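Following: one structure in C-alpha cells, then a few remarks.
The values are calculated or read from the model by the stated rules, or taken from the named source; none is laboratory data. No experiment lies behind these values; they were computed from the predicted model shown. Cβ sites come from the backbone with ideal geometry, for glycine too, and all protein chains shown count toward neighbours.
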Amino acid sequence: MPSLLRGFAQSAQLHPTRPALCIDDRLWTYEALAEKAATIAEAIDAVAPTDNSLAGVFAAESLTAYSAILGILAAGRGYVPVHPNFPPNRIFDVVERSGVDVLLVDRDALEKLDGLLQRTSRTMAIIAPEFDDLRLWARRYRRHRFVSASALANTAPDFELPTVEAEDTAYLLFTSGSTGRPKGVSISHRNARAYIDYICHSYGIQPDDRVSQTFKLAFDLSVHDLFTTWSSGACLYPLSQRTRMAPGRFIRRHELTRWFSVPTLGMTMDRFRQLAPGAFPSLRTSLFCGEPLPASLAEKWAAAAPNSTVDNLYGPTEATIAITSHRWTDANEHSSCRNGIVPLGKAFPGQKTLILGPDDEIADPGQTGELLLSGSQVCSGYWRDPEITDERFVRLEHSGDRLWYRTGDLVEVDSSGNLHFVGRADDQIQLQGHRVELTEVDCALRRCCGHDLAISVAWPYGPEEVGGIVGFVASNAPIDEAAMRDRCRRHLPDYMIPSRIIDLDELPRNTSGKIDRKSLQRLLDNGEV
C-alpha cells in the first residue's frame, strides 16, 4: 500500500497506548490520535462526498492540525496546509488555487476565517473541532456548511487505511517563486513513501524516540517530522512559538533523541549561548536542512550533542523534503568544506543528480553548474501550471526518457563525489562587470563578525546589474563597521566588500524559518535601516 498514512496506521495497531504527540506537556496516544483522525475522515465523507482530492488544514501546530492531516489522509485525500500566520492574500490565494472544498479550522485560524469567507466565491465545508456552537457562522455564511465539535462528538468510527493510488496527491504545498506568486508543488504518495521509508531505515528511528518538530506545517520539512516519527511508533514534540526562542531548554526537559531544523535556528541558539559542550546528551541524531550549513555551527552542535550524529540534508520541495546527505565526522571535516559550508553530500540510493554547465552540457569535475535531480522522490510538475512545469521539469537527450528537475542551485562536485553548494542562480549578481555569488560574501561576513547570523543582499539593484552589496549581522554587542569591512578585505576583492554592514537585533525570517533576503532588501528600499 503506497499511502503516506501506512506507517501511522501500523503504529496505531502495534502501539495503541504509546504516546504519539506531546503538545504543551500533554501526551496523546496513537489510539487517541487515530480516533480523532477517524472522526474527521467520517465528517469529510459526510459533508463533502465529492471527487475532490484535496482538503485544507487552516491551523497552526495544534491538536486539530495534526488530527486533521491524519483525518484528511484517512479520507483518501491529500492535505493542503494553510498557516494562520500567512498574510490574508496568501491565505486566499492558496485556498482558491488548490480548489479545496473542505477546510479544517482551529482556534488560531478563526480570526482569519471571516476575511477568507468574505472573499471566496466557492462553497466549502468548514469543520471546526474546537468549537461547540457555529450557528452564528452558519447564519452569516449560508453558502457554506459548518461542522462543530458537538456534531463530531456523535460519531465514533474505526480508523481505517484508505485505498489510494501511488500517484495520488499526498500533500500540496505552495512555495515562494521568483515571479512573486507561490508555486504549487503536489507530492504523491509514491514520492513521500520513497523518502519516509529510506529515512526510517537509514536512521533506525525507534518507538522510544522523542522527535522534535521545529517546522511550520506549511513547510515541507514538517512532513519528515510527522511521518518518520509516526511510521516508527515514536512520539512527536512540536516546539511552540515560545519554546522556539529557547529550544535548548526544551531539548533537555523532554530529553529529545532526534533533532531536525534549519541552520538558522541553530545559529540563534549559538548566539544565545545554548550550545555549550555536552548540553544535549540525549540526542542521537541531529539533522539540518533548508539552508547552507556553516561548518562552525556543525562543529559546535557536534560538541553540544556528543552522542549524536550530525548530518546536512539537502533537497527542494519538488524532490520531497531532502535527496542528498553528508555526515559531519570530526574536526578534520573542515578540510572537506568550501567557503566554510558543509557539503551537500551524495544522493540517496535510487535518486539521481546531474550538473549542467552554461550550455546545458554535462559539467566537468570541479566545474560549477546547475544541479538537476531525478528519481522516485521527484514530483512530476507544478500544480496546474504547465508553462513553468515545462521550464523546470525537462527531459535531456543524453538521459533517455528520464524526467529531471532543474533546481536553480549552482553546485560543483569534488573528487570524492560530494556535491558542494556554490549559490543560487537567482542570487548570482553582476557587479561592476563581475559575476558575484552572494553566498561567498555571506561566508566572509561570518568569518569577520565571529558568528553565523550574517547575510548579504544586493542593493541598490537594477534590471541588469546591481549597484552594490549590503551586509547584515545580528550580534549581541555593537559592531565596529569600519573594522569589519577592513577584515572583509582579507577574504574578498574590493568590488565584493559590502558598502555598509548593518547590525540588527534579529534578522527577519520567512515562513520556513530561513533568513529572508527579500525582507532585508525591503528595509533598505523603504529607508528603514
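Which pairs have Cβ atoms under 9 Å, sit 6 or more apart or on different chains, and link a residue in segment 13-37 that is at positive phi to one that is in a loop (DSSP other than H, G, I, E, B) and surrounded by fewer than 17 Cβ atoms within 10 Å (Cβ to Cβ)?
Taking only residues 6 or more apart or on different chains, the pairs are Asp24/Ser240.
Those residues that are surrounded by 16 or more Cβ atoms within 10 Å (Cβ to Cβ) and either in a loop (DSSP other than H, G, I, E, B) or of a type in the set (D, E, K, R) (or both), I need them from segment 353-363; list them, please.
Ala363
Consider only pairs whose beta carbons are under 7 Å apart and that are at least six residues apart or on different chains; among these, list those whose first residue lies in segment 279-297 and is of a type in the set (Gly, Ala, Ser) and whose second residue is in a strand (DSSP E or B) and modelled with pLDDT under 95.
What qualifies is Ala295/Ile341.
Within segment 364-373, can you find the residues that are part of a strand (DSSP E or B) and either over 30 Å from Asp93 (Cβ atoms) or assigned by TED's automatic domain parsing to the domain that holds Thr169 (or both)? It would help to see each step written out before you state the result.
Filtering segment 364-373 down to residues part of a strand (DSSP E or B) leaves 369-373.
Across segment 364-373, the qualifying residue is only Gly369.
Return a yes/no flag: does segment 55-71 have any residue that is in a helix (DSSP H, G or I), surrounded by fewer than 24 Cβ atoms within 10 Å (Cβ to Cβ) and polar (S, T, N, Q).
no
Does any residue in segment 380-395 that is not assigned by TED's automatic domain parsing to the domain that holds Leu172 come within less than 6 Å, Cβ to Cβ, of a residue that is among the β-branched types (Val, Ile, Thr) six or more places away or on a different chain, and which pairs are these?
Here the result reads Gly381/Thr389; Tyr382/Ile388; Tyr382/Thr389, each pair linking segment 380-395 to a residue that is among the β-branched types (Val, Ile, Thr).
Among Ser186, Ser202, Ser212, which is closer than 21 Å to Gln351 by Cβ and in a strand (DSSP E or B)?
Result of the check over Ser186, Ser202, Ser212: Ser186.
Which residue out of Pro207, Pro162 is closer than 16 Å to Leu21 by Cβ and not in a helix (DSSP H, G or I)?
Result of the check over Pro207, Pro162: Pro207.
With the condition kept exactly as written, say whether any residue in segment 97-120 is within 24 Å of Ile23 (Cα to Cα), of a type in the set (Ser, Thr, Tyr), outside any loop (DSSP other than H, G, I, E, B) and in the same structural domain as Thr169 (by TED's automatic domain parsing).
no
Could you run through segment 325-350 and say how many residues are part of a loop (DSSP other than H, G, I, E, B) and more than 20 Å from the chain's Cα centre (by Cα)?
Result for segment 325-350: 7.
Can you name the number of the only condition in (1) part of a helix (DSSP H, G or I); (2) within 20 Å of Phe215 (Cα to Cα); (3) at pLDDT below 95; (4) not basic (Lys, Arg) that Asp45 fails?
Result: Asp45 fails condition (2) only.
Go through segment 3-50 and report how many residues are under 22 Å from Ala192 (Cα atoms) and not hydrophobic (A, V, I, L, M, F, W, C).
7
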